[in-house]
Amino acid sequence: MRPSLKRLEGRNAIVTGGGNGIGRGCALRLASEGANVAIIDLDGEAVHAVCAEIEQLGVKAHAASGDCTNASIATDFVAQTEKANGPTDILINNVGQSAREKQGPFLTSEESTWRFVLEINLFTTMRFSRLVAPGMSERKHGRIINMSSESAFVGGAGSHDYAAAKMAIIGFTRSLARQLAQDAITVNAICPGVTRTRAIEKATASGHRDVVDRAMAEVLLGRIGEPEDIAAMAALLASEEGRFITGQSILVNGGRWMI
């Protein structure tokens, strides 16, 4: 049982893709540490369920169902969130996904799939960062946490678009960290390994269990990651205890890949 921490009292956080999996885990962890949390996700039912869980923790919650690849939806969500909860102190750019059922060899891949994967992973990260960073800069405080992936380093066969997008997030993280450090804003990337999410469940159900098993065989700690494992790192980076960490790419993967 983890200790009860209240490192984020009075802070306002946004978590994109916060309805399920890692996003949900991060939203609930930040709320448990005292932050007011706003989430956006395509899954409207999940969004409101998580919102109810957040409110049960005694903090303010704000939720929206929407497509983070739509610039106007993202802009409206941030504006409404800041009207409801106050200025954003913490941004977790979690929304993203692989090509999933369209994943396959590069030689038969299609440009439309590449564009979708880049848009939902990289461009949403840049878009939400652009929306909140000016306010953070004015207030001389902020935490931006971008969700990359172990895939950026592993570069698995068939994940050319996803690996490219996630490595691009690392480059963006490093550049933005250099630009915003003067305003006491930290910018970091978390790189999860194999984690228990709907994507893993779908991969197993669709006959790709062998891919999951091969990855699992390389995890030194011998188990699949849980969303709470990723959320714990996010909470650290979001807190004052993470104030001297910036520009970093932190693998949370049970030791499968090391840098």
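The values are calculated or read from the model by the stated rules, or taken from the named source; none is laboratory data. Keep in mind it's a predicted model, so treat the numbers as computed, not measured. Here the Cβ positions follow ideal geometry from the backbone for every residue, glycine too, while neighbour counts run over all protein chains shown.
Would you call Ser65 in contact (Cβ under 8 Å) with a residue 24 or more places away in the chain, surrounded by fewer than 24 Cβ atoms within 10 Å (Cβ to Cβ) and in contact with an Asp or Glu (Cβ under 7 Å, 6 or more places away or on another chain)? Yes; evaluated as a whole, the condition is true for this residue. Apart from one condition, Thr173 fits all of (1) at pLDDT 95 or above; (2) polar (S, T, N, Q); (3) surrounded by 13 or more Cβ atoms within 10 Å (Cβ to Cβ); (4) more than 22 Å from Arg127 (Cβ to Cβ); the exception is (4).
Pick from segment 34-46 the residues that are surrounded by 22 or more Cβ atoms within 10 Å (Cβ to Cβ) and either part of a helix (DSSP H, G or I) or not polar (S, T, N, Q) (or both): which of them is farthest from the chain's Cα centre (by Cα)? Across segment 34-46, the extreme among qualifying residues is Ala35.
Considered as a group, the residues in segment 233-259 that are within 20 Å of Lys6 (Cα to Cα) and among the aliphatic types (A, V, I, L, M) include one that is surrounded by the fewest Cβ atoms within 10 Å (Cβ to Cβ), and that residue is Ile245.
Scanning segment 71-90 turns up no residue that is under 27 Å from Gly255 (Cα atoms) and either touching a helix residue (DSSP H, G or I) at 6+ places or on another chain (Cβ under 8 Å) or touching a residue at least 40 places away in the same chain (Cβ under 8 Å) (or both).
Considering segment 90-112, and only residues there that are surrounded by fewer than 17 Cβ atoms within 10 Å (Cβ to Cβ) and under 20 Å from the mean Cα position of the chain (by Cα), the residue that is farthest from Ile145 (Cα to Cα) turns out to be Arg100. Taken over segment 79-109, the criterion of being farther than 24 Å from Leu28 by Cα and charged (D, E, K, R) is satisfied by Arg100, Glu101, Lys102.
Within segment 1-26, track down each residue that is free of Cβ contacts under 8 Å to residues at least 40 places away in the same chain and either over 21 Å from Phe128 (Cβ atoms) or in a helix (DSSP H, G or I) (or both). Answer for segment 1-26, where residues must be free of Cβ contacts under 8 Å to residues at least 40 places away in the same chain and either over 21 Å from Phe128 (Cβ atoms) or in a helix (DSSP H, G or I) (or both): Met1, Pro3, Ser4, Lys6, Glu9, Gly10.
The set of residues in segment 172-190 that are in a helix (DSSP H, G or I) and either in contact with a helix residue (DSSP H, G or I) (Cβ under 7 Å, 6 or more places away or on another chain) or under 14 Å from Ser149 (Cβ atoms) (or both) comprises Phe172, Thr173, Leu176, Leu180, Asp183. The residue pairs whose first member lies in segment 172-183 and is farther than 18 Å from Asn93 by Cα, whose second member is hydrophobic (A, V, I, L, M, F, W, C) and assigned to a helix (DSSP H, G or I), and whose beta carbons are closer than 8 Å, counting only pairs six or more residues apart or on different chains, are Asp183/Met136.
For Val132, state whether it is surrounded by 18 or more Cβ atoms within 10 Å (Cβ to Cβ) and either of a type in the set (D, E, K, R) or not in a helix (DSSP H, G or I) (or both).
Details: surrounded by 18 or more Cβ atoms within 10 Å (Cβ to Cβ): yes; either of a type in the set (D, E, K, R) or not in a helix (DSSP H, G or I) (or both): no.
Against the criterion (surrounded by 18 or more Cβ atoms within 10 Å (Cβ to Cβ) and either of a type in the set (D, E, K, R) or not in a helix (DSSP H, G or I) (or both)), Val132 does not qualify.
When the residues of segment 209-232 are narrowed to those that are in a helix (DSSP H, G or I), hydrophobic (A, V, I, L, M, F, W, C) and modelled with pLDDT under 95, which ends up surrounded by the fewest Cβ atoms within 10 Å (Cβ to Cβ)? My answer is Ala217.
Evaluate the following for Pro87: is it surrounded by fewer than 16 Cβ atoms within 10 Å (Cβ to Cβ) and at pLDDT below 95?
Working: surrounded by fewer than 16 Cβ atoms within 10 Å (Cβ to Cβ): yes; at pLDDT below 95: no.
Considered against the rule, which asks whether it is surrounded by fewer than 16 Cβ atoms within 10 Å (Cβ to Cβ) and at pLDDT below 95, Pro87 comes out as no.
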